[in-house]
Amino acid sequence: MRRLLIAGNWKMHKTIPEALDLVRELKELVKDVNDRDILVCPPFTALYPVSRELEGSNIVLGGQNMYFEEQGAFTGEISPLMLKDAGCSYVILGHSERRHIFGETDELVNKKVLSAINHGLIPILCVGELLEERESGKTQEVVEKQVREGLKGVDGDNEFVIAYEPVWAIGTGKTATPELAEEVHLFIRQVLSDMFGSEKANSVRILYGGSVKPENAAGLLNMENIDGALVGGASLKAESFAKIVKFDMEA
Ligand code: PGA
């Protein structure tokens, strides 16, 4: 059985005091949840204070991006060592905003994935098609390329997570239907099976992301191949994120 992972991607939101308020509230709301993993990914400046606040809790910490080198003359970048130092165990890589606003390529994302693994961070590799790619029937082609190129050189013994985030569903309020998402998740699992064998493919968690909210979480998370969620907007309030974490539990 794959353990669910519910992850909050705060993007470029929250000052340090705001971040601490959010995790203090969240900790209390999810303190009894122990059968799934809960992850928050604040902006870099809030990582260390948030990690101190999360000590001893059931919530883990991740970065939203990193550079693949350990150190050096890379102005404005953050290394895997720095993320670990700040208390991270996960890192989101290849998010569609990185790809489309900052021009990240599959090749760069792959270097980051390999570096994260080499430094003991669990990468969450994000993949997903644009609206025009979906409309022209290219969803599988696009997603397969991102998965294969993003994971090039990765060993089947290494832990990684995939997040399927159709770009047209991110921050737009348009969620993929559970059936439509499930179809792509199943396809990704088939690609993983071809790359790493079926045992590994069946153990990899594939998250769905794109306008996940308390109202649609259960429908998505009840699908067989949807093993968690990567939540943007709805992770910025403790109450709505906790509701998604506890989508199948009594209120
Ligand atoms: P959203 O963002 O939930 O606000 O659509 C998801 C994401 O970009 O990870």
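If I stretch the segment between Phe44 and Phe74 completely, what's the gain in nm (0.36 nm per residue apart, minus their alpha carbon distance), one decimal?
Numbers: separation 30, 0.36 × 30 = 10.80 nm, distance 1.58 nm.
Answer, rounded to one decimal: 9.2 nm.
How much mean residue ellipticity at 222 nm does the chain get from its helices, if each DSSP H run of length 4 or more adds -39500 (n - 2.57) and you divide by all residues, to the nearest 500 deg cm²/dmol?
Details: 11 runs with 108 residues, N = 251.
Value at 222 nm, helices only, nearest 500: -12500 deg cm²/dmol.
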Simple spin-label estimate for Lys200 and Arg2 in nanometres, 7 Å along Cα-Cβ: 1.5
Residue with peak Gaussian network fluctuation, the chain [Cα springs, cutoff 10 Å], from Lys213, Lys237, Lys112: Lys237
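Give me the extension gain from Leu131 to Leu186: residue separation times 0.36 nm, minus the current Cα-Cα distance, reported in nm with one decimal. Working shown, then result.
Working: separation 55, 0.36 × 55 = 19.80 nm, distance 1.99 nm.
Length difference between fully extended and current span is 17.8 nm.
Beyond 19 Å between alpha-carbons counts as too far, so tell me which of Lys11/Lys152; Lys27/Lys174; Lys31/Lys200; Lys213/Lys243 fall in that bin. It would help to have the intermediate numbers written out before the result.
Details: Lys11/Lys152 27 Å; Lys27/Lys174 29 Å; Lys31/Lys200 31 Å; Lys213/Lys243 9 Å.
Too far apart for the 19 Å limit: Lys11/Lys152; Lys27/Lys174; Lys31/Lys200.
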Backbone N under 14 Å from the Asp248 label point (7 Å along Cα→Cβ), restricted to segment 12-45: 34-37
Extension gain, Glu144 back to Ile16 (0.36 nm per residue minus Cα-Cα distance, nm): 42.3 nm
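Compute the accessible area per residue over the chain, keeping the other protein chains in place, probe 1.4 Å, unit Å². Before the final figure, lay out the partial values.
Numbers: 11690 Å² over 251 residues.
Ligands and nucleic acids excluded, the figure is 47 Å² per residue.
The values are calculated or read from the model by the stated rules, or taken from the named source; none is laboratory data. In this text, all values refer to a predicted model and were calculated from it rather than measured experimentally. All Cβ positions, even for glycine, are placed from backbone atoms using ideal geometry, and neighbour counts span all protein chains on display. The accessibility values were calculated without ligands, DNA or RNA, using every heavy atom of the protein model including side chains. Shrake-Rupley method; radii C 1.70, N 1.55, O 1.52, S 1.80 Å.
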